[in-house]
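> Before I ask anything, let me first share the structure, which is written out below as structure tokens.
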Amino acid sequence: MRRKDEADRQAAQARLVVPVIDGHRGEVVNHSSEPLLELRIIRADAEQPNGHPVAVRWSDEDRRIFRNVSAGQTHHLALREQGWGPLLDPVHGYEVGTDEGIAPFDATNLRLTIQFMDAAGLRWQRVGLQPPTRILGEFSNPAPNPE
């Protein structure tokens, strides 16, 4: 019980670091009252209906590693539209246009994967709005922009 309480206490700040995708941009907000010592936006992705992930592209000019992120500070990542092929009518199966956007039309669970170091020096990873998990090793490097 004590271990569970300690893990919950350690994750208090990590739960307040929130990565979301809103429209054509990714956003990471430090809602906590403490700074983050480091923040890395590792990747942006979504899920296809068959469960396979699909990579989302971002602007090559955007930084994805930040040091000393203040309490309340937000960092943005501009996401790029791309062509995903023909857009098919779901009932009749014929082409009704071109599927263009940051992810395919039928993709779900758009999310950012982030890694960060909290004010206590603990390393965390958060995938979308899933609960944060501790990283016991080193941070990952941000993934390259998908082709």
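> Would you call Gln125 farther than 19 Å from Leu37 by Cβ, among the polar types (S, T, N, Q) and open to solvent by 30 Å² or more (accessible area, probe 1.4 Å)?
Numbers: farther than 19 Å from Leu37 by Cβ: no; among the polar types (S, T, N, Q): yes; open to solvent by 30 Å² or more (accessible area, probe 1.4 Å): yes.
When the stated conditions are applied, Gln125 does not pass them.
> Given the criterion over 21 Å from Leu37 (Cα atoms) and without any contact (Cβ under 8 Å) to a residue 60 or more places away in the chain, identify the matching residue among Gly83, Gly72, Gly137.
Gly83
> Kindly indicate whether Asp60 is more than 18 Å from Ile135 (Cα to Cα), of a type outside the set (S, T, N, Q) and part of a strand (DSSP E or B).
no
> Right, next: Tell me which residues, restricted to the stretch 82-138, are in a strand (DSSP E or B), aliphatic (A, V, I, L, M) and at pLDDT 90 or above.
Here is the first cut: in the stretch 82-138, the residues in a strand (DSSP E or B) are 82-88, 95-101, 108-117, 123-127, 133-135.
Okay, now just the ones that are also aliphatic (A, V, I, L, M), so 87-88, 96, 110, 112, 114, 117, 127, 135.
Within the stretch 82-138, Leu110, Leu112, Ile114, Met117, Val127, Ile135 qualify.
Yes or no, residue by residue, for (1) out of contact with any Ser or Thr (no Cβ under 8 Å at 6 or more places or on another chain); (2) surrounded by fewer than 20 Cβ atoms within 10 Å (Cβ to Cβ); (3) among the hydrophobic types (A, V, I, L, M, F, W, C):
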{"site": "Glu6", "(1), (2), (3)": "yes, yes, no"}
{"site": "Val17", "(1), (2), (3)": "no, no, yes"}
{"site": "Ile21", "(1), (2), (3)": "yes, no, yes"}
{"site": "Glu34", "(1), (2), (3)": "yes, yes, no"}
{"site": "Glu47", "(1), (2), (3)": "no, yes, no"}
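> Between residues in the stretch 1-18 that are farther than 19 Å from Val29 by Cα and residues that are open to solvent by 80 Å² or more (accessible area, probe 1.4 Å) and among the basic types (Lys, Arg), which pairs lie under 9 Å by C-beta distance while being six or more apart or on different chains?
Ala7/Arg134
> Just checking, how many residues over the stretch 59-83 are surrounded by 14 or more Cβ atoms within 10 Å (Cβ to Cβ), of a type outside the set (A, V, I, L, M, F, W, C) and closer than 20 Å to Ala120 by Cα?
Number satisfying all stated conditions: 1.
> Residues to consider are Val28, Val56; find the one that is over 16 Å from Glu100 (Cα atoms) and open to solvent by less than 40 Å² (accessible area, probe 1.4 Å).
Result of the check over Val28, Val56: Val28.
The values are calculated or read from the model by the stated rules, or taken from the named source; none is laboratory data. As the structure is a prediction and not an experimental result, all values here were calculated from the model. As a convention, Cβ positions derive from the backbone with ideal geometry for all residues, glycine included, and neighbour counts pool all protein chains shown. Accessible surface areas use protein heavy atoms only, side chains included; no ligands, DNA or RNA. Shrake-Rupley method; radii C 1.70, N 1.55, O 1.52, S 1.80 Å.
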